[in-house]
Amino acid sequence: RLSSAPSPAINPAAPEPKAPEAVSSPPPASPAASASANPTVERMLGEAEEAKRARNLDEAHKRCNDSLGFSGLSPAQRHQAMCLKAELHVLEGHLKEAEEVYDRVLASDSTYPRALCGKGALAAEANRWPEARSFFERALS
């Protein structure tokens, strides 16, 4: 199960890195993406991200659902909200549901980095290392 607990070091001689959060927040939107973004949805997504960081998962789910139901949602905002929803599933231990959400995002945009990283993390958690590496490499290209 994904958690914020540190994992064993691959190289025992190397110092153990600080454990990152299980699911990180996305990088800031690019200026081009922000230009078409609806400010109301951006606010709701920001509130959902904050609720996730505070581990207020019910509130984060509510904000995600509110943003996904908003009529002025851009494709980038839809992908962000869906990936956030998948990350909430991970935090709740619902890995199958998370993978299904990431798959829906990637069906719409096969290059969406946040979904590729999410799929990579799920594959790594299941010890499917070649698959995990492939997802992470795709996210970086």
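Brief remarks follow.
- Sorting the segments 77-89, 46-58 by their residues' average number of neighbouring beta-carbon atoms within 10 angstrom, most packed first, yields 77-89, 46-58.
- A crude spin-label estimate for the pair HIS94 and ASP66, with each label 7 Å from Cα along the Cβ direction, gives 1.9 nm.
- Between SER74 and ASN38, the distance separating the two model label sites (each 7 Å from Cα on the Cα→Cβ line) works out to 1.3 nm.
- Pair GLU131, LEU57: separation of 7 Å Cα→Cβ label points (nm): 2.2 nm
Every read-out reported here was derived from the displayed coordinates using simple, explicitly stated rules and does not represent laboratory data. Model, not experiment: these values are computed from the prediction. Glycine gets a Cβ as well: all are built from the backbone with ideal geometry, and neighbour counts include every protein chain shown.
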